[in-house]
Amino acid sequence: MRSVKEILEYAADKPLPESILRIESKETGLTAEAIRDKMAARLADMRRSAAEARENKSRGKLVSPESYKLREYEKTTRALSGAFLLSASAAALEIATYNAVMGRIVAAPTAGSCGILPGLLFAWSDFFGLSAEEAEEKLTDALIVAGAVGEVIACRATLAGAEGGCQAECGAAAAMGAAALTWLNGGNGEAVANAAALTLKSILGLVCDPVGGLVESPCVKRNGTLVSLAAISADMALAGIKSLIPTDEVIDAMGQVGRSLPQSLRETSRGGLAITGAAKELVKKYCDTCKIKRSSDEI
């Protein structure tokens, strides 16, 4: 799938998830049923990962489990961001932290952005109190929609921080999450496309600058914050707000911006937050074995 526009044209008279499955079936030779079963299996993997991550007590080299602070905060405070976002953010933090300690996760679309999409999906399911059976069907459809957005981004731009910065990882995940939420809340294909575009437009140029070369800081907390961008973009699209720039062109622009970023801001840890004084001290204290330590010190 190389174009959101083509997907929407194909889906003009059919449900969006069904249309995506048919397109994917033509491209891969697999049946639509087999592809759906694979997506349902990925959803089950995500759910298992989220449950394990919530119980995780291990810390990485730089980060420790902190989602409990959000969950306690929600119990005692009238949160500015609301129950849905707090739940999604907590889950995203848990899953991203679990990845940092080598827990089993689903790259959605990458390991560095693994918490955003499941955080949003499972928070949505909990927020609306769906039964397990109903949730699995709806969330599988939403994952199919999200996957199509991710595939177009991969084809037209990139999903790799080393090629396009964090806009290509957490940015893509947030766009996928916005698309999924829009579909779950009754949005049509056009609204889904607008939600993805609005999200990506708001994150163009986000750099990939991991401290010590680890997928921990600032990656984990970006997972926790970018669920909010996905949610507000979905709400804007559902309210009828449109992106002036078509989704495919926004994705093309993301690819162009990524190629324009200097190498120091594309996962090399030679720029951005990775070379701040605090980052260098953290690397010296906790990351004696980090591969990036020597190059960071040389800057």
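The values are calculated or read from the model by the stated rules, or taken from the named source; none is laboratory data. Because the structure is a prediction, the values reported are computed rather than measured. Note: ideal-geometry Cβ built from the backbone for every residue, glycine included; neighbour counts use all protein chains shown.
The set of residues in segment 53-62 being loosely packed, with under 13 Cβ neighbours inside 10 Å and over 15 Å from Ala91 (Cα atoms) consists of Ser58 alone. Applying the set (1) modelled with pLDDT of 95 or more; (2) out of contact with any strand residue (DSSP E or B) (no Cβ under 7 Å at 6 or more places or on another chain) to Gly161 leaves exactly one unmet item: (2). Only a single item in (1) free of Cβ contacts under 8 Å to residues at least 40 places away in the same chain; (2) assigned to a helix (DSSP H, G or I); (3) in contact with a Leu (Cβ under 8 Å, 6 or more places away or on another chain) is not met by Asp126, and it is number (3).
Quick grid of which residues meet (1) surrounded by 17 or more Cβ atoms within 10 Å (Cβ to Cβ); (2) among the β-branched types (Val, Ile, Thr):
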{"residue": "Leu21", "(1), (2)": "yes, no"}
{"residue": "Met46", "(1), (2)": "yes, no"}
{"residue": "Ala51", "(1), (2)": "no, no"}
{"residue": "Ser67", "(1), (2)": "yes, no"}
{"residue": "Thr77", "(1), (2)": "no, yes"}
{"residue": "Phe84", "(1), (2)": "yes, no"}
{"residue": "Ala92", "(1), (2)": "yes, no"}
{"residue": "Arg104", "(1), (2)": "no, no"}
{"residue": "Gly112", "(1), (2)": "yes, no"}
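Taken over segment 129-155, residues that are touching a Gly at 6+ places or on another chain (Cβ under 9 Å) and either surrounded by fewer than 20 Cβ atoms within 10 Å (Cβ to Cβ) or not in a helix (DSSP H, G or I) (or both) amount to 0.
Please go through segment 193-241 and pick out each residue that is surrounded by fewer than 23 Cβ atoms within 10 Å (Cβ to Cβ) and part of a helix (DSSP H, G or I). Listed by number, the residues that qualify are Lys201, Gly213, Lys221, Thr225, Ser228, Leu229, Ile232, Asp235, Met236, Leu238.
Would you please name the residue that is nearest to the chain's Cα centre (by Cα), looking only at residues in segment 129-159 that are under 22 Å from Gly82 (Cβ atoms) and in contact (Cβ under 8 Å) with a residue 40 or more places away in the chain? Looking at residues that are under 22 Å from Gly82 (Cβ atoms) and in contact (Cβ under 8 Å) with a residue 40 or more places away in the chain, I get Ala142.
Across segment 250-272, what is the total count of residues that are surrounded by 15 or more Cβ atoms within 10 Å (Cβ to Cβ) and either within 22 Å of the chain's Cα centre (by Cα) or in contact (Cβ under 8 Å) with a residue 12 or more places away in the chain (or both)?
At the first step, the residues of segment 250-272 found to be surrounded by 15 or more Cβ atoms within 10 Å (Cβ to Cβ) are 250-251, 253-255, 257-258, 261, 264-272.
Narrowing further to those that are either within 22 Å of the chain's Cα centre (by Cα) or in contact (Cβ under 8 Å) with a residue 12 or more places away in the chain (or both): 250-251, 253-255, 257-258, 261, 265-272.
Number satisfying all stated conditions: 16.
The lone criterion from (1) in contact with a helix residue (DSSP H, G or I) (Cβ under 7 Å, 6 or more places away or on another chain); (2) within 29 Å of Ala96 (Cα to Cα) left unmet by Ala41 is number (1).
Give the residues of segment 6-23 that are touching a helix residue (DSSP H, G or I) at 6+ places or on another chain (Cβ under 7 Å) and part of a helix (DSSP H, G or I), sorted by residue number.
Going residue by residue through segment 6-23, those that are touching a helix residue (DSSP H, G or I) at 6+ places or on another chain (Cβ under 7 Å) are 7-8, 10-11, 16-17, 19-23.
Ile7, Leu8, Tyr10, Leu16, Pro17, Ser19, Ile20, Leu21, Arg22, Ile23, listed by residue number.
Taking segment 24-33 as the range and being surrounded by 13 or more Cβ atoms within 10 Å (Cβ to Cβ), out of contact with any helix residue (DSSP H, G or I) (no Cβ under 6 Å at 6 or more places or on another chain) and part of a helix (DSSP H, G or I) as the test, no residue passes. Within segment 48-71, not a single residue is at pLDDT 95 or above, part of a helix (DSSP H, G or I), charged (D, E, K, R) and within 29 Å of Ala191 (Cβ to Cβ).
If you go through segment 181-190 one residue at a time, do you hit one that is closer than 20 Å to Tyr10 by Cβ, small (Gly, Ala, Ser) and in contact with a Leu (Cβ under 9 Å, 6 or more places away or on another chain)? Steps first, answer last, please.
First, pick out the residues of segment 181-190 that are closer than 20 Å to Tyr10 by Cβ: 182-183, 187-190.
From what is left, the residues that are small (Gly, Ala, Ser) are 187, 189.
Filter once more, so that each one left must be in contact with a Leu (Cβ under 9 Å, 6 or more places away or on another chain): 187, 189.
The answer is yes, given that some residue of segment 181-190 is closer than 20 Å to Tyr10 by Cβ, small (Gly, Ala, Ser) and in contact with a Leu (Cβ under 9 Å, 6 or more places away or on another chain).
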